[in-house]
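Here's the structure, in structure tokens; my notes come after.
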Amino acid sequence: MAGGALAAMLAAAPALAQTAAGADDTTVETVVVTAQKRVEENLKVPVAVTAVGAAEIQNISGSFMTDIAVKAPNVSMTPGTNSPAISIRGVSSQSNINAGFPPAVGVYVDEVYQGRDPTFNTILNDVVRVEVLRGPQGTLYGKNTIGGAINIVTTEPSNTFTAFGDATYGNYDFLQGRATVGGAIVPDLLMARLSVVHRERGGYLKNTFTGKTLNDINSDGARLVLASKVSDSLRLRFGADYFTESGTSAIETGPVIFPPPVPAALAAIPPQDPGDNVVQLNSPEGAHRELWGYMGRLDYSFPGADFTSITAWRGYVSKFTDDSDGLPIDAFDVGRDEKGDNFSQEFRLASTGDGPFSWLVGAYYYDENTKNIRHIHLGAQVPLLLVGGLIPGFNGERAETYSTIDAKSYAAFASGTWQIADKVRLAAGLRWTHEKKDFFYSQLYTQTFANLPSGVLVSNFAVKIPAVRETYKDSRWTGDISLSYDFTDEQTAYVKYSRGFKAGGFQTDVISPPFNPTDPLGFAPETVNNYEAGYKSYFFDRRLSLNVAAFYLKWNDKQEQIFTGLSFLIRNAATASSRGLEVELTARPMPGLLIDANGAYLKAKYDSFPTNPSLAGEDFQYTPNYTGSLGAQYTAPIGGGMEFYIRGDLNHRSSSYFLPSAGTRLTIEAVTTLNGRLGVQSKEGGWGAYLWGKNLNNDKVLGAGSSFPFPKAVITTRVAGFGRTYGIELRKSF
């Protein structure tokens, strides 16, 4: 690993390992993407896109989608698997697990929209590449992609028999096994590919109250794809997948502030150290999700155009329980049960041929239904935090919400590219989207003791909201226009304007005071205008590739989650802007050596914030100003058809902050991690054996969290940093 560390100081980032066109180990591979719904070389695409291929995913020991975040500039993803937050250029996808708050980044698998954020973080098994599109994608992808879109492209079945797998073991009892088999059942007419995966890991937080470890995971998944080349003009594809994951989750507590005079019962609570990976929780912790779906695709070639139809149905369930007070007392805990399904249908017709004008037109329909139950349970000891002592006869209370959302969306879109001159291209696109959402919500609280002094508990934790029914309707135009100029066949620059919008929605979380029950629970869409300039190039006979993008985004009616002390309210609260610079570099200076790097600057801030004027001019939460990745990879023959392999990656994220409640600002410290990989493999790629390590320097920082300002205690909880991990990986192709 020392050699990996030295190599890492030389370089690392998107080795953009994708489909190669005549590449060898002295030239950078040609990057092929489908960002514009057709196969194109990235060099000619006026979109800031990073494509991480199957080889690169393997080389960084990537398992989940969130593992590839460091390979794309100005992109971050939280490591949690149940409902990760994805941030692109300061635009965050996380809904705080609120079923009515749409994500701002779209995740697609084989061009099928996955829906809500609990479905996003899939295991990367048998994929060709992951494409990360940065900036609003309002023309071809539509609503809820104002931050960008992530395309996961899985491997297509073929006539060739294929069988391979890998097994990984590491500390924290980490165990992962993946296998794929595929080939022709009837050549051309029926080809199949089956992939399976199992992943488990022990917990890394110790709960001294119960003696158990927390934050473990156990998951299984499978994907079956059938394909048929009916004729030279007609191709059919069917896919089915299932994934399940269970485990526990918890966050660190402390230090807890007890304003004097400190009640004896609170003084007896052991001190809390937020950095020791030790918690003291008395309530159950759990997390579970299941994802499944089916898709069918038809591709038919007409003279001069290709027709595509993609039909998909997806479903999921997501559950969690959390001991939110963070202390070994029965104060309060929260939970959620969410269930949803969606149906989507897309039709596209795209021109073919070499004429000066290419075009694409299409229509899209999306139908989503979600059911959501949220609760806050107040235990018998919550009066300790409120009045400093227990209340005789009080055994707790519970506030619970039940909500449903039935949403339908219709869209029509068109885009075209005109080769104005040999070196100049003009591209433009337009999309119209209409949607309707029907919403039902109710919130009740229960009490086991009705004669509370001054009604203190009810007035502080929940409001009774009888059945509410609301309807949301909206129609929006979004689109883009760009002008590209080819300095040479291997150097292209573009300028671009794009507009996107994030749909409106509804509050589905538990609502605590202050809240007026007559206020509407819905909120309006937010819109983003993006101004961008980019440069993509190859140099030195394709030994070096360099991509640069600069951007400026402007929000109107920005949706904000406003923390009220125990719950979140969502309001259109602010105007905002984001500006930044992104650089990606890949080089092969000598045979066997691959150097890749990315770096980014980001300044995302609130221009105005009517509900909290003190935030005007302040940066967004969770948005570091500087991020980057630097790494190197080297292979050398060692005889017997084998080669030596070593790789190192150095990843950095500068500090940021979050506001858990009004007047409280907490820092997420800067973090730098060193990853390494060392092994031997066959030159043909048939087998390999590797040692790997992540965060070898064991740099742990606390992440975001919440703060609860009770009269007798101020409790702050933070996401615990994940330390050093390491292990061994074996892989084999048959």
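DSSP loop (so not H, G, I, E, B), at most 13 other Cβ within 10 Å: list which GluC sites (Glu not before Pro) in segment 557-640 pass both filters. Working shown, then result.
Details: sites: GLU560, GLU582, GLU584, GLU618; in loops: GLU618.
The qualifying sites: there are none.
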Checking the a/c ratio against 1.5 first, then a/b against b/c, what shape does the Cα gyration tensor give for segment 465-582?
prolate
Phi-derived 3J(HN,Hα) across segment 235-252 with the Karplus relation (6.51, -1.76, 1.60, θ = phi - 60°), rounded Hz, x for Gly and Pro, is 9, 10, 8, 10, x, 9, 8, 8, 8, 9, 8, 9, x, 10, 8, 7, 10, 6
Correct option for Cα extents along the principal axes in Å [calculated from the coordinates] among [x] 102, 76, 44; [y] 98, 70, 59; [z] 79, 57, 51:
[z]
With just the Cα atoms defining each centre, how far is segment 610-665 from segment 374-425? Give it in Å.
26 Å
Place +1 on the Cβ of every Lys and Arg and -1 on the Cβ of every Asp and Glu in the chain, take the dipole about the Cα centre, and give the residue among THR404, LEU205, SER61 whose Cα lies farthest towards its positive end.
THR404
Treat every Asp and Glu Cβ in segment 311-366 as -1 and every Lys and Arg Cβ as +1, leave all other atoms uncharged, and give the resulting dipole magnitude about the Cα centre to the nearest 20 debye.
520 debye
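State the dimensionless ratio Rg/Rh of segment 123-280 (Rg: radius of gyration of Cα atoms; Rh: Kirkwood radius).
Working: Rg = 24.2 Å, Rh = 20.2 Å.
Using only Cα positions, Rg/Rh for segment 123-280 is 1.20.
Under 12 Å from the Cβ of ASN695, count the other residues' Cβ atoms, weight Lys and Arg +1, Asp and Glu -1, and hand me the total. Please list the in-between numbers first.
Values: positive: LYS694, LYS700, ARG724; negative: ASP649, ASP699.
That sum, taken over residues with Cβ under 12 Å, equals +1.
Please report the relative contact order for the chain, taking Cα pairs under 8 Å with a sequence separation of at least 6, and give it as a percent rounded to a whole number. Write down the numbers at each step before the final one.
Values: 2219 pairs, mean separation 101.2, N = 734.
Worked out over the chain, it gives 14 percent.
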Compute the Cα gyration tensor for segment 159-213, then decide on rounded, prolate or oblate, letting a ≥ b ≥ c be the square roots of its eigenvalues: rounded whenever a/c is under 1.5, prolate when a/b is larger than b/c in the other cases, and oblate in all that remain.
prolate
Would you tally the net charge around ASP325, using a Cβ to Cβ cut-off of less than 15 Å, leaving ASP325 out, and scoring K and R as +1, D and E as -1?
-4
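Express the relative contact order of segment 543-623 as a whole percentage, based on alpha carbon pairs under 8 Å and six or more residues apart in sequence.
Values: 162 pairs, mean separation 21.8, N = 81.
Once normalised by length, the contact order is 27 percent.
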Projected onto the charge dipole of the chain (+1 at Lys/Arg Cβ, -1 at Asp/Glu Cβ, origin at the Cα centre), which of TYR108, VAL196, ALA421 gives the Cα projection farthest towards the positive end?
ALA421
Relative contact order, percent, segment 466-582 [alpha-carbon distance under 8 Å, six or more residues apart]
22 percent
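Treating only the Cβ of Lys, Arg, Asp and Glu as charged (+1, +1, -1, -1), what charge dipole size does the chain show about its Cα centre? Round to the nearest 20 debye. Before the final figure, lay out the partial values.
Numbers: 64 positive and 72 negative charges, 131 e Å.
For this selection, approximately 620 debye.
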For the cross-link pairs LYS44/LYS603; LYS558/LYS603; LYS683/LYS732; LYS44/LYS423; LYS71/LYS496, which exceed 20 Å when the distance is taken from alpha carbon to alpha carbon?
LYS44/LYS603; LYS71/LYS496
Taking +1 at the Cβ of each Lys and Arg and -1 at the Cβ of each Asp and Glu, which of GLY254, TYR626, GLY592 sits farthest along the dipole of the chain towards its positive end, judged by Cα position relative to the Cα centre?
TYR626
With +1 on each Lys and Arg Cβ and -1 on each Asp and Glu Cβ, how big is the dipole of segment 665-731 about its Cα centre, in debye rounded to the nearest 20?
180 debye
Would you pull out the residues with amide H under 5 Å of ASN159's amide H, same chain only if 5 or more places away, H placed 1.01 Å from N?
none
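Given the -39500 (n - 2.57) contribution per DSSP H run of 4+ residues, what per-residue ellipticity at 222 nm results for the chain, rounded to the nearest 500 deg cm²/dmol? Could you put the intermediate results ahead of the total?
Working: 5 runs with 27 residues, N = 734.
Value at 222 nm, helices only: -1000 deg cm²/dmol.
Values in this text are rule-based calculations from the coordinates and carry no lab data. Fair warning: this is a prediction, and the values are worked out from it, not measured in the lab. Cβ atoms come from the backbone with ideal geometry, glycine included; neighbour counts cover every protein chain shown.
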